[in-house]
Amino acid sequence: AFADYKLPQILRAWGILKYAPTLARQVDAQKEIAAGSAAEIEIRAATLWAVEFLRDALAARGRALMSVQLDWILWQASQEKFANLKPYHRVRTIYY
């Protein structure tokens, strides 16, 4: 998986990724998170772990996917109009 800005958004909407209350308020208020901050690193790392746990859970149910495939599926889901998503985290960086 890739630690972009859309995956944590859809993972959060589906209840797979949960933010601490202070981080949730910051993201929901669309306040910028400093690049390289602990909050940004935690979001990126948790996203990677969540995708891998999800991939393992799917594999255990007979649906083997590569991480890149699951990444694409999640990203596509985040683009759907019906997704009704909360805001994604804002980080000013060249790494997304």
* To do: Return yes or no: is residue 45 in a loop (DSSP other than H, G, I, E, B) and within 12 Å of the chain's Cα centre (by Cα)?
  => no
* Among the residues of the range 60-95, which ones are outside any loop (DSSP other than H, G, I, E, B) and basic (Lys, Arg)? -> 81, 90
* Of the residues that sit in the range 26-60 and are under 23 Å from residue 72 (Cα atoms) and of a type in the set (Asp, Glu), which one is surrounded by the most Cβ atoms within 10 Å (Cβ to Cβ)? -> 40
* To do: Working carefully through the options 24, 50, 57, find the one that is in a helix (DSSP H, G or I), over 12 Å from the mean Cα position of the chain (by Cα), within 16 Å of residue 6 (Cα to Cα) and modelled with pLDDT of 95 or more.
  => 24
* Output for the range 1-21, where each listed residue is farther than 21 Å from residue 76 by Cβ and either in a loop (DSSP other than H, G, I, E, B) or polar (S, T, N, Q) (or both) -> 18, 19, 20
* For the range 78-95, which residues satisfy the criterion of being within 12 Å of the chain's Cα centre (by Cα) and among the hydroxyl-bearing types (Ser, Thr, Tyr)? -> 78, 88
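The values are calculated or read from the model by the stated rules, or taken from the named source; none is laboratory data. Since the model is a prediction, treat every value here as computed from it, not as a measurement. All Cβ positions, glycine included, derive from the backbone under ideal geometry; neighbour counts span all protein chains shown.
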